[in-house]
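Novice: There's a structure below that I have some questions on.
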Amino acid sequence: MIRQLVPGMKRSLHDARPCGMTLAELLVVVAVIAALVALLLPAVHAAREAARRTACLNNLRNVGCGLHGHLLAKRRFPIGCLEWRAGWKPAPARCLAWSAAILPWLEEQPLHEQIDFDRSFADPANAAAAATRVAIYLCPSADRSGGPDWMGRTDYGGLTGERITSPNNPEKGVLIHDRAFAEREISDGLSKTIFVAECSRGPWPDGQWINGRNLFDQAYAINWPTWEDEIRSRHDGGAQALFGDGAVRMLSETTDLQVLAAACTRNGQEAAAIPGATP
């Protein structure tokens, strides 16, 4: 009996397939994995961008709280730029930004106290404060570079008005040079007037939170490919803007230019609201 089983066992072991995968099977597995990765990557990207967009929205809401905190304390919104000056050349003008003025209402009181508001934003006495990174002023989706690296940058700028319908002179917005507005002076209504918006695509040399030149007027469509300071973001399909009532809305790239122009002014008497703007 043993003699009959042993040869059979040898034939069974000899005929068994070796463990492992053939080259064809391996290629099929690799192709399936590659297909799954290709399907998952856009979903992962979309989820991450949605989270970054929400963080950006919360930043702008906090900026809105800061603006209204200033309004409650001073009975006016902050001056867009205190003693504006052109260029980076030394000058007596202070050129201090609205975004420096609202720091106490952004839980940045110690930083605010470091700033000597009797001196220029670029004065050596303000260098340490100016170099401080303020997280609320940074959009997580932005990857902008350029401008002085010795100052804390900002991805949000104040609106001085628009050049879509006519020259922006005098300035038509709320955060303008050397003037502060009370709420009653914004006759178009806070809910229809953009105060601050994203300006985070491309090298924006004036984009520092202490620099009073982080103001701009709107001349083109949302996210229009221009090197000028405009409402531009790294978000897909639009950019986020803070309105005077504290609401933050995503402005579509297809927003009608006439409606956009109306939203950039404080007292143009326009009745139109931005259609399709999402909170």
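Novice: Got the relative contact order for the stretch 154-241 handy, in percent, Cα pairs under 8 Å and 6 or more residues apart?
Specialist: For the stretch 154-241, the relative contact order is 35 percent.
Novice: So how much slack lies between A131 and A55, counting 0.36 nm per residue of separation and subtracting their Cα-Cα distance, in nm?
Specialist: That pair, A131 and A55, stretches by 25.1 nm at full extension.
Novice: Describe numerically, in nm with one decimal, the distance between label points set 7 Å from Cα along Cα→Cβ at S191 and at T22.
Specialist: Roughly 7.0 nm, to one decimal.
Novice: Taking the Cβ of each residue in V37, V174, V134 as the centre, tally the other Cβ atoms inside 10 Å and list the residues starting with the fewest.
Specialist: Result, fewest neighbours first: V37, V134, V174.
Novice: Still on this structure, please answer the following. Tell me the Kirkwood radius of the stretch 40-263: reciprocal of the mean inverse pair distance over distinct alpha-carbon atoms, in Å.
Specialist: 17.5 Å
Novice: Determine the sum of side-chain charges near D116: Lys and Arg each +1, Asp and Glu each -1, restricted to other residues whose C-beta is under 14 angstrom from that of D116.
Specialist: -2
Novice: With label points built 7 Å along Cα→Cβ from the Cα atoms of V30 and E228, find their separation and express it in nm.
Specialist: 5.3 nm
Novice: Quick one: T154, T22, fewest Cβ neighbours within 10 Å first, how do they rank?
Specialist: So the ranking, lowest neighbour count to highest, is T22, T154.
Novice: What's the center-to-center distance, using Cα atoms, between the stretch 157-231 and the stretch 242-269 in Å?
Specialist: 11 Å
Novice: Okay, moving on. Over the stretch 57-141, with a single point scatterer placed on each C-alpha, what log10 of the ratio I(q)/I(0) does the Debye formula yield at q = 0.22, 0.26 1/Å?
Specialist: -1.14, -1.34
Novice: Also: Could you list M151, M21 so that the one with the fewest beta carbons within 10 Å of its beta carbon is first and the one with the most is last?
Specialist: Going from sparsest to densest Cβ surroundings: M21, M151.
Novice: Mind putting together the pair-distance distribution for the stretch 201-269? All Cα pairs, 10 Å bins, whole percent per bin, short to long.
Specialist: That works out to 18, 51, 29, 1, in percent per bin.
Novice: Roughly what would the spin-label model give for A93 and E183, points 7 Å off Cα along C-beta, in nm?
Specialist: Going from the A93 label point to the E183 one covers 3.2 nm.
Novice: A further question follows. Under 8 Å for C-alpha pairs, at least 6 residues apart: give me the relative contact order for the stretch 40-263, rounded to a whole percent.
Specialist: 23 percent.
No lab work stands behind these numbers, since they all come straight from the coordinates. Given the structure is predicted, the values throughout are model-derived calculations rather than measurements. So basically every Cβ, Gly included, is an ideal-geometry build from the backbone, and we count neighbours across all protein chains shown.
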